[in-house]
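Comments concern the structure below.
The values are calculated or read from the model by the stated rules, or taken from the named source; none is laboratory data. Because the structure is predicted, anything quoted here is derived from the model rather than measured. In this analysis, Cβ positions are derived from the backbone assuming ideal geometry, glycine residues included, and neighbour counts consider all displayed protein chains.
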Amino acid sequence: MSYDNDPLVKYGRSLAGVLIAVVISVLIAALIGGSLPLDYSGRAWAYTGLVVYVLAGGFVLFRLTAGAEQGGLSVARVLRWTASLWIWPLFLLLRR
């Protein structure tokens, strides 16, 4: 059986990296949103905005790097992906 055409094999490392980074970033967004000196509604909106920002970053980073990941996942790579999710607009500007 050939797995050459299976998209999960082709994009598996990139997908795993971005999914782990999104989970970590959502937890970071919860810490940031919860620590803001706002009322409950303000903190909830801030958290929602941060989560939308991180999810958009996950989509953009996956599209930019899909299939390009080589090697296995490591702690350093996951941390790099996580940091990249927070600065993803820079990658879009550099790409243009």
**OP:** Identify, by number, the condition in (1) of a type outside the set (Gly, Ala, Ser); (2) out of contact with any Gly (no Cβ under 9 Å at 6 or more places or on another chain); (3) closer than 18 Å to Arg77 by Cβ that Val18 doesn't meet.
**Re:** (2)
Subject >> Filtered residues of the range 57-72 (kept if touching a Phe, Trp or Tyr at 6+ places or on another chain (Cβ under 9 Å), surrounded by fewer than 17 Cβ atoms within 10 Å (Cβ to Cβ) and not in a helix (DSSP H, G or I)) >> reply: Ala66, Gly67
**OP:** Filter the range 1-56 for residues that are at pLDDT below 85 and assigned to a loop (DSSP other than H, G, I, E, B) and give the result.
**Re:** Met1, Ser2, Tyr3, Asp4, Asn5, Asp6
